[in-house]
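Have a look at the structure below before the remarks.
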Amino acid sequence: MKKFTIPDGKRLFINLFEDNGGRHLALRIDNKDILKAKMLPVSTHLLTIN
């Protein structure tokens with residue numbers, strides 16, 4: 001994703017669920033965290049979406 005901002009007082013929530021499993025990852029991201037974010041190199045073979 002390209003860098004973006006969210007209004008002050010708002011938060012971005014990301015929830016990841018494992019298919020056929022019990023694991024759940026929940027992330028709460030504030031605007032200050034987005035502003036400090038840096039791009040990471042991503043290998044295209046890791047970007048498989050089923």
Phi angles of region 10-27, converted by Karplus (6.51 cos²θ - 1.76 cosθ + 1.60, θ = phi - 60°) into ³J(HN,Hα) in whole Hz with x for Gly and Pro, give 9, 9, 9, 10, 10, 10, 10, 10, 7, 5, 6, x, x, 7, 9, 10, 10, 10
Say each of H24 and M39 gets a label point 7 Å from the Cα, pointing the same way as Cα to Cβ; how far apart are those two points in nm? 3.5
Let me cross-check I6: its accessible surface, 1.4 Å probe, with only protein heavy atoms counted, in Å² to the nearest 10? 30
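The values are calculated or read from the model by the stated rules, or taken from the named source; none is laboratory data. All values derive from a computational prediction rather than experimental measurement. Positions of Cβ are backbone-derived with ideal geometry, glycine not excepted, and every protein chain shown enters the neighbour counts. What goes into the accessible areas is simple: the full protein's heavy atoms, side chains included, and nothing from ligands, DNA or RNA. Shrake-Rupley method; radii C 1.70, N 1.55, O 1.52, S 1.80 Å.
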